[in-house]
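Accompanying notes for the structure given below.
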Amino acid sequence: MQTIPLGVSLLRTSRLAYGCWRVAGTWNPGEVTDASREAGRRAIIAAYEAGYTLFDTADIYCHGESERILGEVLKQVSGMRDRIIVLTKGGIRPAGDPQPDSPGRYDFSSSHLINACEQSLRRLGIETVDIYMLHRPDLLAEPEEVAQAFTQLKAAGKVRCFGVSNFRPTLVTALQAACPMPLIAHQVEISLAKLDAFTDGTLDQCLIEHITPMAWSPLAGGLIGDGANRLLPSQECYRPEGFLPALDAVAKARGASRTVVALSWLLKHPANIQPIIGTINPDRIREAAKAADLELTREEWYRLLIAARGEPMP
Ligand SMILES: NC(=O)c1ccc[n+]([C@@H]2O[C@H](COP(=O)([O-])OP(=O)(O)OC[C@H]3O[C@@H](n4cnc5c(N)ncnc54)[C@H](OP(=O)(O)O)[C@@H]3O)[C@@H](O)[C@H]2O)c1
């Protein structure tokens, strides 16, 4: 697969990334079975063999099971750890942590971030995570305190580079001003069903600051595909029916699948959006990789944008 640089860092990654959110086959750690773990490992190996070199996970994915399954694969597949970029995220504390009545919340205190990152490394079974990301903005975060935690994690050799997820551009600026190291990636939801990043300043900032934008749910959790298994509550209102006919028309004209066209639509943006593929079906993982070889025309791109907006350009 083609590669792109990650932000201003020396890291390079495959054009598309693989996301490990769903690899346990459930959100509930109590429901993970030997068979679902094995299916998850097979999906990760299929992605590696198809040329994906960035693997995205987070401490909260199935309460750490996603990180453990990725760690099992890294142990199983000789040489894989040195050839891939491992990205994990922290900063979200689920309800019940540490007291039964503690609310679900965000915590960028230095002690929490350092402890969360160390726990992630333990579950992944590795010494260093390549990119450590703040998962969702903590409204009480002190940028200087976050910068301190980052500095400590980097000095200890536990993290190579840092990024953020689901931030407003102004908050990225505030954090970057306090951090001695560059923030190299920003993970947000982007797809034909979720266009905000194109107009809310996120992609503009990525262009200006050379931050790599990563698109989560690039197929709207499966709605732009063969249907969704599990959607986030925020995705339940999506109505892709309005743009699917236009997508299918471009797919037919180009002899490609609907999903490949939807992903190559993201790839065309000049900020070098990196879609994070979430299917655990090995055939679909390989199919998605073909998007790296399809270049849409400007006309096709706008035709799809207009269909997704549901109205002509102003
Ligand atoms: N930073 C954040 O806040 C955040 C939030 C959410 C996700 N993420 C990251 O983004 C990654 C991707 O998110 P996502 O899983 O929602 O992405 P997605 O690629 O939009 O959706 C994947 C889902 O679509 C289904 N699907 C149906 N038809 C498909 C087809 N033809 N091709 C491919 N998939 C099809 C898959 O089911 P099958 O598995 O049955 O194929 C799977 O359940 C996650 O793994 C995670 O790493 C980050």
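The values are calculated or read from the model by the stated rules, or taken from the named source; none is laboratory data. These numbers come from a predicted model, not from an experiment. Every residue, glycine among them, receives a Cβ derived from its backbone with ideal geometry; neighbour counts consider all protein chains shown. Just the protein is used for accessible areas: all its heavy atoms, side chains included, with ligands, DNA and RNA removed. Shrake-Rupley method; radii C 1.70, N 1.55, O 1.52, S 1.80 Å.
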Legend entry - Options F150, F167, F162; residue that is in contact with a strand residue (DSSP E or B) (Cβ under 7 Å, 6 or more places away or on another chain) and assigned to a loop (DSSP other than H, G, I, E, B): F167
Legend entry - Count - residues of the range 262-292 that are more than 8 Å from the ligand (Cβ to nearest atom), within 23 Å of L207 (Cα to Cα) and either in contact with a Lys or Arg (Cβ under 9 Å, 6 or more places away or on another chain) or part of a loop (DSSP other than H, G, I, E, B) (or both): 12
Legend entry - Which numbered condition E311 misses (of (1) of a type in the set (D, E); (2) open to solvent by 30 Å² or more (accessible area, probe 1.4 Å); (3) away from the ligand (no atom under 11 Å from the Cβ); (4) assigned to a helix (DSSP H, G or I)): (4)
Inset, instruction - Please give the number of the condition A46 fails out of (1) modelled with pLDDT under 95; (2) closer than 16 Å to G71 by Cα. - result: (1)
Inset, instruction - Report yes if some residue within the range 77-90 is open to solvent by 10 Å² or more (accessible area, probe 1.4 Å), farther than 17 Å from T128 by Cβ and more than 15 Å from the ligand (Cβ to nearest atom); otherwise report no. - result: yes
Inset, instruction - Look at the range 216-230 and say how many of its residues are more than 6 Å from the ligand (Cβ to nearest atom), modelled with pLDDT of 95 or more and farther than 15 Å from L305 by Cα. - result: 1
Inset, instruction - Could you list all residues from the range 172-201 that are closer than 17 Å to A308 by Cα and either open to solvent by less than 20 Å² (accessible area, probe 1.4 Å) or within 16 Å of the ligand (Cβ to nearest atom) (or both)? - result: E189, I190, S191, L192, A193, K194, L195, D196, A197, D200
Inset, instruction - Take the range 127-172 and flag every residue that is of a type in the set (D, E), in contact (Cβ under 8 Å) with a residue 40 or more places away in the chain and farther than 19 Å from A17 by Cα. - result: D138
Inset, instruction - Using the structure shown, decide if S102 is in a loop (DSSP other than H, G, I, E, B), open to solvent by less than 50 Å² (accessible area, probe 1.4 Å) and among the hydroxyl-bearing types (S, T, Y). - result: yes
Legend entry - Candidates L134, L140, filtered to the one that is open to solvent by less than 10 Å² (accessible area, probe 1.4 Å) and not basic (K, R): L134
Inset, instruction - Please work out which residue is least open to solvent (accessible area, probe 1.4 Å), limiting yourself to the range 231-260 and to residues that are among the small types (G, A, S) and within 16 Å of the ligand (Cβ to nearest atom). - result: A251
Legend entry - Hey, D204 out of contact with any helix residue (DSSP H, G or I) (no Cβ under 7 Å at 6 or more places or on another chain) and either modelled with pLDDT under 95 or within 15 Å of the ligand (Cβ to nearest atom) (or both) or not: no
Legend entry - Search result, residues across the range 214-224 that are open to solvent by 20 Å² or more (accessible area, probe 1.4 Å) and free of Cβ contacts under 8 Å to residues at least 40 places away in the same chain: L223
Inset, instruction - Give the number of residues within the range 13-48 that are in a helix (DSSP H, G or I), of a type in the set (A, V, I, L, M, F, W, C) and more than 12 Å from G278 (Cα to Cα). - result: 4
